[in-house]
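Presented below is the structure to which this report refers.
The values are calculated or read from the model by the stated rules, or taken from the named source; none is laboratory data. In this text, all values refer to a predicted model and were calculated from it rather than measured experimentally. Glycine also receives a Cβ, built like all others from the backbone with ideal geometry; neighbour counts cover every protein chain displayed. All accessible areas refer to the heavy atoms of the entire protein, side chains included, with ligands and DNA or RNA removed. Shrake-Rupley method; radii C 1.70, N 1.55, O 1.52, S 1.80 Å.
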Amino acid sequence: MLARVWSASIVGIDAIKVGVEVDISGGLPGIVVLGLPDSAVQESKERVKATLKNAGFAFPMRKIVINLTPADLRKEGPCFDLPISVGILAASEQVNAELLENYLFLGEVSLDGSLRAVAGVLAIAAAAQKMGITSMVVPADNAQEAALVQGLAVYAFKNLSDVADFLNNPGRYKPVQLDSTEERLHTAYLQSVDLQDVKGQAHARRALEIAAAGGHNLVFVGPPGSGKTMLARRLPGILPVLSFSEALEVTRIHSVAGLLKNRGSLVCDRPFRSPHHSASGPSLVGGGSFPRPGEISLAHLGVLFLDELTEFKRDVLEFLRQPLEDGFVTISRTRQSVMFPAQFTLVASTNPCPCGYYGDTIQQCTCSPRQREQYWAKLSGPLMDRIDLQVAVNRLKPEEIIQKPTGESSTVVRERVQKARDRACERFQSQPNLRCNAQMQSRHLQKWCKLDDAGKNLLEGAIKKLGLSARASDRILKVARTIADLAGDDNLQVHHLAEAIQYRTIDRMQ
């Protein structure tokens, strides 16, 4: 007999419907899998055979042909174990095949018949709803993740025997109900680090607040021990709380990357990714024979922190230029091309020279001008153009080190950031693709960042003195717009622009 079971395959962060057709006919016993299966799918033949026997089912000792459609789409991963098992049971008339047309099956099977979680369930669930699928059958560990998609009935089971009983007696089972604690977002971050712990560094704290309010890229430059990393790690705590739709976006990416296998819950906090400086280009932007999200996509709507920026290879840093500008990255391979979202805030830290003490008032620098030039040559002009806020961080004075922290907490700063973001959102009502000031284009600057004569003269003088490019001057206007939002002003003033300009003073540090 012939049976067909629906499943799905991940392409980028989207999913494509896959039909698992199982035909059992006369001939020498054996299993053949067709439809461009990878090694994991090919191995499922033996895995499913042992699973069915150990779960107490009769395995048909006949010729079994399994066809995965569409035939020109590469199928990978163990998520086809469950649909293949159900297909064999339906074709051998051990389960009722009437429900198969409206259900989508996903899951890996163990040899004892239990079901194991798979990656990408949220992305597949979202796609299944668009495909017209009304119900899904998934492993129990993926239940809460799949149930995040509203309007889709999700049935979760711990073993294959329960799945078979469900197909034979569907009235006994009810779909998974999403826990209320999983459905609503946290109203506040439970951060282990707080901005209040930072001593001094008022200028750097101000830059951090501006970066959070406008989504601006930021780099801290200073000697060792000045607090650069400490400041950067506190940025997620002052960012606005994710909305439900934004949380779904982030969760979907983490699901495809396989980071939700044993969690199955909504990602409520802003992502914070901090790859080591030995990271390769593909690990940052994504890649592989079958492309998967990289660090910049895992940091979507959050923070990508590059500690010791100048220790990264120059060609690796150049990978970031296009995503920083466009907010997404396209990975092209011979067989397919996929696009991953990458709207992240870049925060970086670096020393001012190889020894780390150039410009320090306490310890003398031992580097030659040539060494400092080579050190900064790792950061190209186009990359620095895309970093809005470039902040020098000096070491604390002895009296500042021994005193108690006196700065504001992350909660207080986040309230101001949220108000500034709300002002921007109100301004962007007619532009649904804009989330923050850093994403504005030239046409938006002409509308919302108008300067008076004094402002134009100030900006023109800064461009001449600092040798700024057109892109850098646009980013000054974006930062000035954010400073005005934090101050509650509708129009850009000269002092807003002046403060924004001071954050461009280390474009080409020697």
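Things to note:
- Here the spin labels are modelled as points 7 Å beyond Cα on the Cα-Cβ line, and at residue 380 and residue 279 they lie 1.8 nm apart.
- With respect to the chain, whose longest principal axis is taken over its alpha-carbon atoms, helix 244-256 is tilted by about 60°.
- With N as its number of residues, segment 9-113 has a Cα radius of gyration that, divided by 2.2 N^0.38 Å, comes to 1.02.
- Whole-percent carbon and sulfur share, accessible surface of segment 204-304, 1.4 Å: 51 percent
- From the alpha carbon centroid of segment 383-428 to that of segment 19-52 is 58 Å.
- Here the gap between residue 243 and residue 460, fully extended at 0.36 nm per residue and compared with their Cα-Cα distance, gives a gain of 74.2 nm.
- Extension gain (nm, one decimal) between residue 71 and residue 173, 0.36 nm per residue minus Cα-Cα: 33.3 nm
- Compactness relative to 2.2 N^0.38 Å, alpha carbon Rg of the chain: 1.17
- Cβ-Cβ FRET estimate between residue 406 and residue 502, R0 fixed at 30 Å, reported to 0.05: 0.80
- Segment residue 337..residue 363, full-extension length gain: 4.2 nm, with 0.36 nm per residue of separation and the alpha-carbon distance subtracted.
- Selection from 256, 312, 276, by position along the positive dipole direction of the chain (Cβ): 312
- Per residue solvent-accessible surface (Å²) - the chain, probe of 1.4 Å: 44 Å²
- For segment 368-510, carbon and sulfur atoms together expose 49% of the accessible surface, with a 1.4 angstrom probe and every protein chain in place.
- Degrees, to the nearest 10: 81-91 long Cα axis against longest axis of the chain: 20 degrees
- Considering only the chain, percent of DSSP beta bridges that pair antiparallel, nearest 5: 50 percent
- The order of 311, 46 by accessible area, most exposed first and with a 1.4 Å probe, is 46, 311.
- Using the Cβ-Cβ distance between residue 202 and residue 38 with R0 set to 60 Å, the FRET efficiency from 1/(1 + (r/R0)^6) comes to roughly 0.60.
- Separation of segment 194-272 from segment 117-172 is 33 Å, based on Cα centroids.
- Surface composition of segment 1-146: carbon plus sulfur atoms contribute 51% of the solvent-accessible area (1.4 Å probe, protein chains only, all chains present).
- Rolled with a 1.4 Å probe across the full set of protein chains, the surface gives residue 325 an accessible area near 80 Å².
- Helix axis angle, 470-487 relative to the chain longest principal axis, alpha carbon, degrees: 90 degrees
- Pairwise FRET efficiency - residue 399 versus residue 431, Cβ, R0 = 41 Å, nearest 0.05: 0.25
- Of the residues 503, 155, 358, the one with the largest accessible area comes first in the ranking 358, 155, 503, computed with a 1.4 Å probe on protein heavy atoms.
- Radius of gyration and maximum dimension Dmax of segment 202-292, Cα, Å: 15.9, 47
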